[in-house]
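The values are calculated or read from the model by the stated rules, or taken from the named source; none is laboratory data. If you're wondering where the values come from, they're calculated on a predicted model, not measured in any experiment. Only protein heavy atoms, including side chains, enter the accessible area calculation; ligands, DNA and RNA are left aside. Shrake-Rupley method; radii C 1.70, N 1.55, O 1.52, S 1.80 Å.
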Amino acid sequence: MVFPKNIKLVNLKFILILAIVIIFCGILAIFFWYRSISEHPEKLLALVPNDANISIGRVYQESIKNGIKEWSLNASSADYFEEDKNVKLKDVSVTFFFKDGDKVILKADRGILQTDSNDIEVSGNVIITNKNYKLLTKKIFYDNKRRIIFSKTHVHITGDSFDLEADAMSHDLKTNKASLEGMVTGVLSDKITF
């Protein structure tokens, strides 16, 4: 069945008008939502922890010592607690830098940055990656003064030439050497060198 050109044109006009009405309604909905939030800021404040001194979204911080960047931190949000001297973070990503240009990237669901020492604790889907390996665990700590990343919980480390698990681990960022502790199991390939 062949439709006359007028019917196709009417259908096209109808679709365009419907699209314009939907977009207009969406803009109105956003406008009224924004007005209700701006007139009632307590709705936004209800999302902030009661004991937090400051709450912000999108956080970036760097640690620079003697002109050398040691690490940088990104988070989707932060709640600062002055009394505890810490910042609670969500969706955390920390990049640790080495003198030779190499870097290690740590990601986790949440974390705590101690404001007096710059020590960091992260937990929830913790993943550490660099060009040689990937590490998975539940919780990781970073000792800023000693520049050591360590975990006291089970870790699983994979690379091109190994697949290892251990009860605990530590990685000295000054020497770029890692050590596994407790019950260590896994497979090493003949391609690995020490």
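Overview of values
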item	result
Mean separation of Cα contacts under 8 Å, 6 or more apart, over the residue count of segment 100-187: relative contact order %	19
Cα-based shape type of segment 152-193, given that a ≥ b ≥ c are square roots of the gyration tensor eigenvalues and the cut on a/c is 1.5	oblate
Accessible carbon and sulfur surface of segment 54-153 relative to its total accessible area, %, 1.4 Å	48
Rounded, prolate or oblate (a/c below 1.5 giving rounded, otherwise prolate when a/b exceeds b/c) for segment 105-156 by Cα gyration tensor	prolate
Mean accessible surface per residue for segment 103-161, computed with a 1.4 Å probe while every protein chain stays in place, in Å²	52
